[in-house]
Amino acid sequence: MSFVKKGLKLIVDILTFLVFIVLIVIIFAKFKMMISGNDYFELAGYSVFSVKTGSMAPAINQNDVILVKSQDYYEMGDIITYKEEKSYITHRIISVRGHDIITQGDANNAKDSSITDDMVIGKVVKIYSNMGVWQKVVTTPKIIIMIFVTLMLFDIAFSYKGIRRRQNIKIADRISDIAFEKVLNIENAPKLTKKEIKVLKDKAEQVKKGGDVVFDKKEKQFVNYTIRLDLGELKKEIDENVNGDI
């Protein structure tokens, strides 16, 4: 069980780190968009777009996500993404004449109007099928922040359980050394019934077997008292030995 928990915590830690990196990248990309005036995601020459139509089917289908890379030049057969007025179009180049480019969607019967190469954002270098929803997720800071916070809460929960586990082991070890009858005979000692003592011992056994238990306030007070009692007896013994040597 402990091995499984450690494995889950490791997975959560890795996911938290990866989501944090994604969040940093998105914030940087958004900041860059504000500076450049672009309204699309771009980083190191790469851009990401979600395909809205089936004009390039079957090569690229609606709801696919494409990774586009800016190039120094483009040639016939390349699938490119360019901006025309306020729209982004992803079609295949069918003609290149100097700076003039003509494209056409694979599923379209008519070719597009001529464009210039400065209108081209880049060439499609990777296609991710049916990833449109996920593209929105990983490029939306609010969603990434929510995922990051959730993972952090999981990580804190696992860490808290780890701390409680270590504390429980110390308490369980202490319970094994307690002379209950001797302690309960002390007048000012916290009192436990036979049933409560059995429950306390059972919890200690569960901890030793790897179980996750919660010691209540009364149980902790009793264990803490026995620790102070032992420390008091140890101090008394030291004082007696010191006085005996004088």
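None of the figures in this text is laboratory data; all of them are computed from the coordinates on show. Since the structure is predicted, the reported quantities are computational estimates derived from the model, not experimental observations. Cβ placement follows ideal geometry from the backbone for every residue including glycine, while neighbour counts extend to all protein chains displayed.
Some observations on this one:
- Burial ordering of 112, 173, fewest other beta-carbon atoms within 10 Å first: 173, 112
- Rounded if a/c under 1.5, otherwise prolate or oblate - the stretch 1-115, Cα gyration tensor axes: prolate
- Pair residue 13, residue 76: separation of 7 Å Cα→Cβ label points (nm): 5.7 nm
- Placing unit charges on each Cβ (+1 for Lys and Arg, -1 for Asp and Glu) gives the stretch 46-130 a dipole about its Cα centre, and among 57, 80, 115 the Cα reaching farthest toward its positive end belongs to 57.
- Dipole in debye (nearest 20) - the stretch 43-153, about Cα centre, beta carbon charges: Lys, Arg +1; Asp, Glu -1: 440 debye
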